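One structure is given below, encoded as structure tokens.
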Amino acid sequence: MREIAWLQVSDIHIRQRDEWSQDVVLRAMTDSIRQRRAQGLTFDFILATGDLAFSGKKEEYELVERFLDELVSASGVPKERIFCIPGNHDVNRERQKLCFQGARSALTSPNVVDPVLAPDNDDLATLMQRQEDYCAFQSSYFGGQSRTVTPDGLAYVSSLAIDDVVIAIVGLNSAWLAEGGKADHGNLLIGERQVINAFKAADKLDAHIIIGMAHHPLHLLRDFDRNAATRHITRSCYFYHCGHLHQPESQGTGFDPSACLTVAAGACFETREFQNAYSLVKLDLLAGMRTLTTVQYNPAQGAFEFSNEMPFPIRLSTAAMCTVGELAEAISEFDATLLSHSYYLAALLMEHKTEVPIPGQRGHAFGTLSVLRGMPEGEDYCRKVMAFLRFGNVLTVFYGRHPLADLLAQHGQAVRAYGADLLGRCQSDAALASRLAQQDTDVRSLFATQPNVSFAVDLFADLVRSQEWELLAEQARRHLENPDAPTLVQARRMLAFALAHSAYDKDRTEAARAYEALIHDGLAEAQDRANLAALLLDTGRSDDAKAVVLDAIAASSPESLEGFNGIGQRIVGQTGDREFRKQLEAAIAERGDHD
């Protein structure tokens, strides 16, 4: 799994009046990108975060296309992998002025904004005439790009796979209520409905990494919209790219490796005398590191030569994780010589153990990696330990998608190398051999006494308790092909349960089909049948709900009768069906007499 790299360009402000000056600066920028590529760096995609043009007019986008063609040539990135969103300079402010002013005055709460972002809304369609030339450019130039567009037409989601790592790009339109200048500050809207629909589409891509982007930093939104957008973006994304302020900046939640990193790019072109900039991001999932490089223009030299690099750790959340026993067995099958300490190695990789043997003048002691890093004489050994521990990142990214044996075969050489190193040390240090054997025995004993419960099943339960229905549906879909039968069944059950809580009719229909499939396959529990009956009743299918209740009573244990009677009485109350009440009472009596 190689390092992934992408460029961010923003605030280019292309127009005819500045064509000469822009050509000088932007040619220097593409020369800088060519040079990095010649040095061996592969660019995987490009994010263009708005203000491509200066006033959002057709003739400007003809120049934008020429610049992007040059960027494609310099970077080696095909235009299908350039993802752009509009900025306030991509708005033609000469159009729909009264409509814009009225919208600015009226859109003061989520209750007012939500209907405007409904599909085919006339008010939004009128406002969006201000971005008509930008939209025409985007549809024409990026016509070959696969996208899922949100119902409001504002946002889109695309994905790409790089060495089996799936990346979802979520492009949000923060400029649909923009004018430009300080008047925009605190008056902009993305709209929670746009954000929810965009990330709902992204969730279906089963991506390892979700990258969000919009032109504006989130603090420029109206208060109610800023809070909602920030919540959704920081919960779903590992990166949020924006521009607008013309000053490069990065901001994470401290150095929390699971937090969203905000990357605010500088302006690619403001003037020839400005310190124009572009950004480069490198993501090394095996090393657990994301690196942001800001490359700035030196007006005196006419070249992009100032470079500032900042590292930020990253750790992906995982939908599933193997048990220590499963990993230990896979390690011993991968290399039989590691059998004697496979449980200890597995515990290290899964962070149940944190101490490793550290060489000293009188043999070995056990200590953490931080102690080992401080010992110059252990530099080579430290590199082996760190390379070994990086296999834990492979598990985080790929477990549940590929068998453990395949992951070890492809990425496990560092595991074999560190295991062989330990064996060699044990041969020359009997005390270490004894202590390492005891460590392995301790791990075996510890995890042999624990129930073999799937990590995924535990995660499902946590998401149900926290009522994270969208996230529960996402995690359940990931396990619909899980080789572990109990986990697979629970995934099917949890997907149905999550979709039943959706506000969308399509999802609730899918939930009903999922419950019916569980019943058909003989896998349904009493609660599944009860959930299906309640769902059918709530969606107006009362006759189907009655049939489910009567069938469930006949198939269920006596302990479940009270619950089904409650659902049946609810059906009677809503439908007034006295005949069904008699059927319900008779079915319960017959089931009770039978038992």
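Some notes on this structure:
- Filtered by the rule that a residue be of a type outside the set (S, T, N, Q), more than 15 Å from Glu305 (Cα to Cα) and buried (at least 21 other Cβ atoms within 10 Å of the Cβ), region 14-37 gives a lone residue, Ile14.
- Which numbered condition Pro151 misses (of (1) surrounded by fewer than 16 Cβ atoms within 10 Å (Cβ to Cβ); (2) in a helix (DSSP H, G or I)): (2)
- Those residues of region 20-60 which are over 23 Å from Phe274 (Cα atoms) and either touching a Gly at 6+ places or on another chain (Cβ under 8 Å) or assigned to a helix (DSSP H, G or I) (or both), in sequence order: Arg37, Ala38, Thr42, Phe43, Lys58, Glu59
- Any hit, region 183-201, residues being more than 23 Å from Ser10 (Cα to Cα), in contact with a strand residue (DSSP E or B) (Cβ under 6 Å, 6 or more places away or on another chain) and not assigned by TED's automatic domain parsing to the domain that holds Leu499: yes
- Applying the criterion of being at pLDDT below 95 and of a type in the set (Ser, Thr, Tyr) to the residues of region 118-139, the residue that is surrounded by the fewest Cβ atoms within 10 Å (Cβ to Cβ) is Ser139.
- Answer from Glu351, Glu333 - the residue that is surrounded by fewer than 19 Cβ atoms within 10 Å (Cβ to Cβ) and part of a helix (DSSP H, G or I): Glu333
- Comparison of Ala547, Ala514, Ala552 shows that the only residue that is more than 22 Å from Met494 (Cα to Cα) and either more than 38 Å from the chain's Cα centre (by Cα) or not acidic (Asp, Glu) (or both) is Ala547.
- Subset of region 257-297 that is part of a loop (DSSP other than H, G, I, E, B) and within 16 Å of the chain's Cα centre (by Cα) - its residue that is nearest to Asp11 (Cα to Cα): Cys260
- Taking each residue of region 65-92 that is free of Cβ contacts under 8 Å to residues at least 40 places away in the same chain and looking for partners that are in a helix (DSSP H, G or I) with beta-carbon atoms closer than 8 Å, six or more apart or interchain, yields Asp69/Lys79; Val72/Lys79; Gly76/Arg37; Pro78/Val72.
- Flag if Thr291 is closer than 21 Å to Asp44 by Cα and in the same structural domain as Ala161 (by TED's automatic domain parsing): yes
- Residue in region 422-433 that is farther than 19 Å from Gly288 by Cα, of a type in the set (S, T, N, Q), out of contact with any strand residue (DSSP E or B) (no Cβ under 8 Å at 6 or more places or on another chain) and assigned to a helix (DSSP H, G or I) present: yes
- The lone exception for Leu160 - which of (1) touching a Lys or Arg at 6+ places or on another chain (Cβ under 7 Å); (2) in contact (Cβ under 8 Å) with a residue 60 or more places away in the chain; (3) within 23 Å of Leu220 (Cα to Cα); (4) not in a helix (DSSP H, G or I) it fails: (3)
- Taken together, the criteria place Asp440 among residues that are more than 27 Å from the chain's Cα centre (by Cα), modelled with pLDDT of 90 or more and within 17 Å of Phe334 (Cβ to Cβ).
- Scanning region 159-192 for residues that are under 22 Å from the mean Cα position of the chain (by Cα) and buried (at least 21 other Cβ atoms within 10 Å of the Cβ) yields Ile167, Ala168, Ile169, Val170, Gly171, Leu172, Asn173, Ser174, Ile190, Gly191.
- Scanning region 84-98 for residues that are more than 12 Å from Leu52 (Cβ to Cβ) and either modelled with pLDDT of 90 or more or part of a loop (DSSP other than H, G, I, E, B) (or both) returns Asn92, Arg93, Glu94, Arg95, Gln96, Leu98.
- Near pairs, Cβ below 9 angstrom, 6+ apart or cross-chain, from region 186-201 (more than 19 Å from Leu107 (Cα to Cα) and of a type in the set (Gly, Ala, Ser)) to any residue that is in a helix (DSSP H, G or I) and at pLDDT below 95: Ala198/His232
- Answer residue from region 496-517, given it is surrounded by 20 or more Cβ atoms within 10 Å (Cβ to Cβ) and in contact with a Lys or Arg (Cβ under 7 Å, 6 or more places away or on another chain) and is nearest to Leu471 (Cα to Cα) among those: Leu499
The values are calculated or read from the model by the stated rules, or taken from the named source; none is laboratory data. Quantities reported herein were computed from a predicted structural model and do not represent experimental measurements. A quick note on method: Cβ atoms are made from the backbone with ideal geometry, for glycine too, and the neighbour counts reach across all protein chains shown.
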